[in-house]
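Worksheet: one structure, shown below.
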């Protein structure tokens, strides 16, 4: 059986019940809220890996986790506060599947908090 026999030539209608919702919007919102603060703290390789998780993988919470795991300098207080404000929403969404809260706690323990930023 040829592929042409199975696939329609043109899709004209998609049943809404078959479309996956973009339900991880809260992950994008959380990442976007702190990206400008965190990406500057990363080396080139870590920044590239983080952005690959965000853009190519479609997993912004994993990208946030990657960034927090890679940080080697004190984290700006403003970024810590923003991330903490999203933890309840990430927990509600998917039980913080990518471990953002744990990654934040580990980064704070490892590098500290920059109270001046």
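Here are the numbers for the structure shown:
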item	result
Efficiency of FRET between residue 44 and residue 113 - r from beta-carbon atoms, R0 25 angstrom, step 0.05	0.55
Relative exposure of 89, 37, judged by other C-beta atoms within 10 Å (fewest first)	89, 37
Cα-only radius of gyration and Dmax that characterise the stretch 25-114, units Å	11.6, 33
FRET E, pair residue 25, residue 78, Förster distance 25 Å, beta-carbon r, rounded to 0.05	0.65
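Read-outs: derived from the displayed coordinates by stated rules, not from any lab. Keep in mind the model is a prediction, meaning the values are calculated, not measured. Positions of Cβ are backbone-derived with ideal geometry, glycine not excepted, and every protein chain shown enters the neighbour counts.
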